[in-house]
Amino acid sequence: MKPHAGALANWLLSWVQDHGAIYGFHNHSVWGSNPYRWSDFTCGHSTWASPLLPSLALMLQQKRDSELEDTLLRLIQFQTESFQMDGQYAHIGFQMGESLSVGLIHNMMPNVSLGLTAWYAKDWLPEAYMQRIRSSMSATMDACDRHYPFGIMYTNGRAISNQEYARLWGKLLYVKVFDDQRWGAELQRQLDKMIKDFHFIGLPDQNCTASYRYAGDASSTEPAEYYGLLIAPLVLAYEMYGQKKYLEQAGALCRHLARSAWYDSLGQIRLHRVYYHSGSSWVKINEPMLIAGMGMSLFGIYQYLAKQEDAELTAFLKKCDRTYATYQNPRGYFASATGWHNEADIAPSSAWHSHDLLYLVARHGADEDVWRDMNQPYNQISVLLGDRCIWMEHNRHWTITDYQSMDVYQLLGHKDEPRFGRDMSWVGGERNLPSHFNFANRPVFVKTDEGIFLRKGEFTEQDIQLSSVASVPYLGLWS
């Protein structure tokens, strides 16, 4: 049982704009925040969605397709020309929208993605685009080394493990792709310092290595969904430098994830959230925790398995594939999380889902079923039911809407628009959204103690493809 990667790619491509930006409702299903929560209302491009680029490049390794190649070139062009005045990438706010314009990790994610894209597409990517990638990566590495010096990152000096590792991964990819040794032996020294300062043995057993989240702070580990940003550069360092210690560290980090995992109410394996130190012992926190977005950690494990066979980790990936499949909506996206009991559980983020596609295509490839599903027209209404709200989309329209007689959300967006808003049509005047946002006569669901029902209306059950993470069952048409 594995998820439909082609359907996921189809859904992700529905957010791609003609100029190469990747729009989406940027829900951070780990921290529970999104632009709505910060009163920002941005649904434009996010650099966190950049793993879509190497996902497509991997597909094109297996089958050349002129239309998909054109899409990838547009994505590369947009990412390599979207900068702030200070040399950082633009659109790095992710769950805070355009309110936030600083952050090491949101600069490094597109560099990692561009580096992987250049490597996967090196046999066909036009030279002009290779040079675009090289120039973009080089410039942002230099800018970030100025703004966030290694080991300092912020003015309080509190470096974060996954962010520093992502910087090193980007630099290692740059060296590999362009054979440019501009950082010399410094990269190995910094890798060794990361291992010394952040890694520790013992969670959940002596064959596992965890990472502290913050330098000089032993109170918490790195959250599980970020471990791919640690594992993958260590595997790459082993490949480039031939030192077994890097592979051994990567394997121990992989075991930390696999042996810290838990099973949810549906019997599906899940990444744990984090460990906190109580002052006397480590306490593992499982939930609330994402479903969509574990792809980069699984991608890291898959990279390790390419160098070192491991039956336990192979079985773990197979179980995670079943988790994806269990929580996949027919439209292609996954339920985002469980445990938040708000929009963070149901609102799918293109930024996180792109990480999942990268893992799935890397691990399973792109066969004819994937290509068929990716190109299949989708005209039905897609619905994901949650405990407190509903995600719904139809063609270019999307909404986070409410059950009947509950009026908390009523958010409306359009996949071609970089801003969304609250439905204030009942008020009228200046607060009313432009007419093309109107998701007219959308299905109405009522939630009772017994279950969830669809009210009779313009749309029938045959018009709707539905999945649910609600605590009560969907019981069909209200009679």
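A compact table of results
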| quantity | calculated |
| --- | --- |
| Options 218, 292, 325; residue that is in contact with a His (Cβ under 7 Å, 6 or more places away or on another chain), small (Gly, Ala, Ser) and more than 20 Å from residue 344 (Cβ to Cβ) | 218 |
| Yes/no for residue 132 being in contact with a strand residue (DSSP E or B) (Cβ under 7 Å, 6 or more places away or on another chain) and of a type outside the set (A, V, I, L, M) | no |
| Residue 146 being touching a Ser or Thr at 6+ places or on another chain (Cβ under 7 Å) and either surrounded by fewer than 18 Cβ atoms within 10 Å (Cβ to Cβ) or touching a residue at least 24 places away in the same chain (Cβ under 8 Å) (or both) | no |
| Which listed residue, of 246, 263, is buried (at least 16 other Cβ atoms within 10 Å of the Cβ) and of a type outside the set (D, E, K, R) | 246 |
| Residue 348 being at pLDDT 95 or above, surrounded by fewer than 19 Cβ atoms within 10 Å (Cβ to Cβ) and either in contact with a Leu (Cβ under 9 Å, 6 or more places away or on another chain) or part of a loop (DSSP other than H, G, I, E, B) (or both) | no |
| Unique match (being in a loop (DSSP other than H, G, I, E, B), out of contact with any helix residue (DSSP H, G or I) (no Cβ under 8 Å at 6 or more places or on another chain) and open to solvent by less than 30 Å² (accessible area, probe 1.4 Å)) among 403, 409 | 403 |
| Any hit, segment 371-382, residues being under 20 Å from the mean Cα position of the chain (by Cα), buried (at least 18 other Cβ atoms within 10 Å of the Cβ) and in contact (Cβ under 8 Å) with a residue 24 or more places away in the chain | yes |
| Residues satisfying the stated conditions in segment 16-43, i.e. open to solvent by 10 Å² or more (accessible area, probe 1.4 Å) and aliphatic (A, V, I, L, M) | 16 |
| Residue among 13, 68 that is in contact with a Leu (Cβ under 9 Å, 6 or more places away or on another chain), modelled with pLDDT of 95 or more, surrounded by fewer than 22 Cβ atoms within 10 Å (Cβ to Cβ) and more than 20 Å from residue 132 (Cβ to Cβ) | 13 |
| Segment 1-10, subset touching a strand residue (DSSP E or B) at 6+ places or on another chain (Cβ under 9 Å) and farther than 23 Å from residue 273 by Cα, residue surrounded by the fewest Cβ atoms within 10 Å (Cβ to Cβ) | 4 |
| Residue check, residue 433 at pLDDT below 95 and either in a loop (DSSP other than H, G, I, E, B) or surrounded by 12 or more Cβ atoms within 10 Å (Cβ to Cβ) (or both) | yes |
| Evaluation of residue 46 against (1) farther than 23 Å from residue 396 by Cβ; (2) hydroxyl-bearing (Ser, Thr, Tyr); (3) open to solvent by less than 10 Å² (accessible area, probe 1.4 Å) (one fails), failing number | (1) |
| Pair list, Cβ under 8 Å, 6 or more apart: segment 316-327 residue within 16 Å of residue 300 (Cβ to Cβ), other residue hydroxyl-bearing (Ser, Thr, Tyr) | 317/302 |
| Hits in segment 117-135 (condition: open to solvent by 30 Å² or more (accessible area, probe 1.4 Å), closer than 15 Å to residue 77 by Cα and either assigned to a loop (DSSP other than H, G, I, E, B) or in contact (Cβ under 8 Å) with a residue 24 or more places away in the chain (or both)) | 126, 129, 132, 134, 135 |
| Options 232, 210: the member that is touching a residue at least 60 places away in the same chain (Cβ under 8 Å), outside any helix (DSSP H, G or I) and small (Gly, Ala, Ser) | 210 |
| Failed item, numbered, when residue 215 is tested on (1) of a type outside the set (Ser, Thr, Tyr); (2) open to solvent by 10 Å² or more (accessible area, probe 1.4 Å); (3) in contact (Cβ under 8 Å) with a residue 60 or more places away in the chain; (4) over 24 Å from residue 278 (Cβ atoms) | (4) |
| Residue match in segment 332-342 (condition: in contact with a Pro (Cβ under 8 Å, 6 or more places away or on another chain), open to solvent by 10 Å² or more (accessible area, probe 1.4 Å), assigned to a helix (DSSP H, G or I) and among the small types (Gly, Ala, Ser)) | no |
| Residue count for segment 276-307, restricted to those that are open to solvent by less than 10 Å² (accessible area, probe 1.4 Å) and of a type in the set (Ser, Thr, Tyr) | 1 |
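Listed here are the residues, each with its yes/no results for (1) over 25 Å from the mean Cα position of the chain (by Cα); (2) surrounded by fewer than 17 Cβ atoms within 10 Å (Cβ to Cβ); (3) among the β-branched types (Val, Ile, Thr).
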position: 159; (1), (2), (3): no, no, no
position: 172; (1), (2), (3): no, no, no
position: 187; (1), (2), (3): yes, no, no
position: 190; (1), (2), (3): yes, no, no
position: 200; (1), (2), (3): yes, yes, no
position: 210; (1), (2), (3): no, no, no
position: 219; (1), (2), (3): yes, yes, no
position: 229; (1), (2), (3): no, no, no
position: 233; (1), (2), (3): no, no, no
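The values are calculated or read from the model by the stated rules, or taken from the named source; none is laboratory data. Just so it is clear, the structure is predicted and the values come from calculations on it, not from any experiment. When we count neighbours, we look across all protein chains shown, and the Cβ atoms used for this are built from the backbone with ideal geometry, even at glycine. The accessibility values were calculated without ligands, DNA or RNA, using every heavy atom of the protein model including side chains. Shrake-Rupley method; radii C 1.70, N 1.55, O 1.52, S 1.80 Å.
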